[in-house]
Amino acid sequence: MRNDKEEHVPGDGFSDPGKPRLDLEALGEREGYVLNDTTLVHDRGLKTTPDGQTILIPQPSDSPNDPLNWTPFRKHLILIIISCTAFLPDYGSATGAVTLVPQGEEWNLDPNVVNHSQVGNVFMLGAAGPIIVALSAYFGRFPVLFWWALLAVATAIWCAGAQSFESFMAARILNGFFSTVTQGGGLMFIKDMFFLHEHARKINIWSGFIILSPYMGPLLGSFIVNTQIWQWAFGLYAIETGLCLIAIMIFVDETYYDRRTGQSELVPNGPRWQRMLGIQQYHSRYLQNTFREAAMRPITIICKPVVFIAAFSYLLMFAWVVGINTTLSIFLAPVYGFGAKAVGFFYFTPVVAAILGEVAGHWLHDLIAKIYTARHSGRFEPEARLYAIWFAMPFMIPGLILMGFALEREYHYMLSALGWGLYVFGIMIVTVAINSYVLDSYPEASGEVASWVNFGRTTGGFIVSYFMVEWAEKEGTIRQMGTMCGIVGAAFFIILALQYYGKTLRIWAGPARFKTA
């Protein structure tokens, strides 16, 4: 367990050479992360980037088996595999939105009834996250990733081969539970392999795959359903899931590394396949949490005010992404006379917007960090991550307003597309900012904070999907999306309060004090 009293240093808390080894993450949570301090580097002999400009947080060990010391190629290969696996849940979930009609015809059911399977799938995408990270804290990252991906493949095949609605619904719900393993716990792998100053860019890559995925599902699914039986839409999804599983089996390894207790290394003590199955972690108890301690970790972290507030704010901002995505085709047909193929082409809009958001975020989040650090004597506070949301708001709110007017007053479909694209571009920026903030606030709880942000994202979409169509039909899309703007604006004011009071709340709530990071 992290001993804060032993590691706390009087004065500035960083540069007393008479004290024990510094835990830069623990001190950073309380006093701000020191990224650039030549005196500290000299006094403590800290490791820095090759150019000597940035202190490495956390400090890597001298072992080549430490994931922080892995080659850049190996780190980024695993990051891409994790990101591709995180792409699948929303992709598979949104694929169901374009198969409702042919499924209803095959099973003699109203499409709204068939949609219950999609709602169940969406709910499980968020509900599974805290369970996944709790099990990862007990059994290890790698075995949970492998077993969940294996079961995701099995349930994806079941979705494609289901012969009845009851069977299909059971498969969809279970697939949602197992497929979300790297959505709910993706930050664990990023935190394990990359330093603090690298986090935003790596989260930007991971988040880009997640934001892109719910649009690629309907885009490809529309073309498939237009020419093939609906089973092939889920057949393609099963094939993609299987390819991710193969990549996991070949290239991924256990990324958790114990730098706190000096415990012997996990990697030299057994073959890789034993780490993949969880045998080595279980017998060695390399992860020192008891099952009860592991199970309590998600509960402990959601009780931290800044995590709850950040996840709730994200819920209010992101819910409309899912709501619009799952119902937009219902509006496009009567307004513009779009068929299945035209709807598929329309989904290129959010795909392009998400990619542009990822490209912009590649520089934006680092630029904000550099400017803040330069203005605060080399120190960086987690709340600085939230400044990126200021940049996103001028895109999100006008985007929703434009889309509402375009759909109700039947403006040219390019204006509807532009409004949708602006909103998606903004939400991409927000996603990275929120995830980076909660990770910097509680770095030892990387999986737990990710699971609750993901829970907020999917829960919001799960709720609004029930009333989006009826709401628009009753009040019109102008008033509907105007209300959405009001809610997004209210969430932004919550973010402003979090920027002002966040550090005070973090100090008041104290660190997580988990045995393992």
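The values are calculated or read from the model by the stated rules, or taken from the named source; none is laboratory data. Treat the numbers as computed from the prediction; the structure is a model and nothing was measured. Ideal geometry is used to build each Cβ from the backbone, glycine not excepted, and the neighbour counts take in all protein chains shown.
For this structure, a couple of remarks:
- If the condition is being within 23 Å of GLU25 (Cα to Cα), touching a residue at least 24 places away in the same chain (Cβ under 8 Å) and surrounded by fewer than 21 Cβ atoms within 10 Å (Cβ to Cβ), then the range 354-371 contributes only ASP366.
- Failed condition for ILE229, given (1) closer than 30 Å to LEU24 by Cα; (2) in a loop (DSSP other than H, G, I, E, B): (1)
- The sole residue among GLU381, GLU410 that is surrounded by fewer than 19 Cβ atoms within 10 Å (Cβ to Cβ), acidic (Asp, Glu) and either touching a helix residue (DSSP H, G or I) at 6+ places or on another chain (Cβ under 8 Å) or assigned by TED's automatic domain parsing to the domain that holds GLY482 (or both) is GLU410.
- Qualifying positions in the range 372-392 - of a type outside the set (Gly, Ala, Ser), free of Cβ contacts under 8 Å to residues at least 60 places away in the same chain and either over 24 Å from ILE427 (Cβ atoms) or not in a helix (DSSP H, G or I) (or both): ARG375
- Some residue of the range 56-65 being within 30 Å of TYR466 (Cβ to Cβ) and not hydrophobic (A, V, I, L, M, F, W, C): no
- Residue within the range 220-236 that is within 22 Å of the chain's Cα centre (by Cα) and in the same structural domain as GLY426 (by TED's automatic domain parsing) present: no
- Those helices (runs of 4 or more DSSP H) of the range 1-91 in which at least 2 residues are within 29 Å of ASP253 (Cβ to Cβ), of a type in the set (Gly, Ala, Ser) and at pLDDT below 90, considering only elements entirely within it, cover 24-31.
- Condition met for LEU145 (out of contact with any Lys or Arg (no Cβ under 6 Å at 6 or more places or on another chain), buried (at least 24 other Cβ atoms within 10 Å of the Cβ) and modelled with pLDDT of 95 or more): yes
- Condition check for SER167: surrounded by fewer than 24 Cβ atoms within 10 Å (Cβ to Cβ), among the polar types (S, T, N, Q) and either in contact with a Gly (Cβ under 8 Å, 6 or more places away or on another chain) or at pLDDT 90 or above (or both): yes
- Residue selected from the range 219-230 under the condition surrounded by 17 or more Cβ atoms within 10 Å (Cβ to Cβ) and not hydrophobic (A, V, I, L, M, F, W, C), by the criterion nearest to ALA333 (Cα to Cα): SER222
- Check on ILE246, within 30 Å of GLY104 (Cβ to Cβ), assigned to a helix (DSSP H, G or I) and either in the same structural domain as ALA160 (by TED's automatic domain parsing) or without any contact (Cβ under 8 Å) to a residue 60 or more places away in the chain (or both): no
- Inter-residue pairs, beta-carbon under 8 Å, first on the phi > 0 side of the Ramachandran plot and in the range 32-49, second in a loop (DSSP other than H, G, I, E, B), 6+ apart: GLY32/HIS376; GLY32/GLU381
- For the residues GLY482, GLY426, GLY404, GLY489, the requirement of being under 26 Å from ALA127 (Cα atoms) and either in the same structural domain as THR326 (by TED's automatic domain parsing) or modelled with pLDDT of 90 or more (or both) singles out GLY426.
Residue by residue, here is whether (1) surrounded by fewer than 16 Cβ atoms within 10 Å (Cβ to Cβ); (2) under 30 Å from ALA472 (Cβ atoms) holds:
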site	(1), (2)
GLU254	no, no
GLN274	no, no
GLN281	no, no
LEU287	no, no
PHE291	yes, no
ARG297	no, no
VAL307	no, no
VAL321	no, yes
THR327	no, yes
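- Between TYR347, TYR314, the distinction of being buried (at least 21 other Cβ atoms within 10 Å of the Cβ), farther than 16 Å from MET216 by Cα and assigned by TED's automatic domain parsing to the domain that holds LYS202 belongs to TYR314 only.
- From GLY186, GLY221, residue being within 14 Å of TYR91 (Cβ to Cβ) and modelled with pLDDT under 95: GLY221
- Exclusive hit being touching a Lys or Arg at 6+ places or on another chain (Cβ under 6 Å) and of a type outside the set (Val, Ile, Thr), set TYR387, TYR437: TYR437
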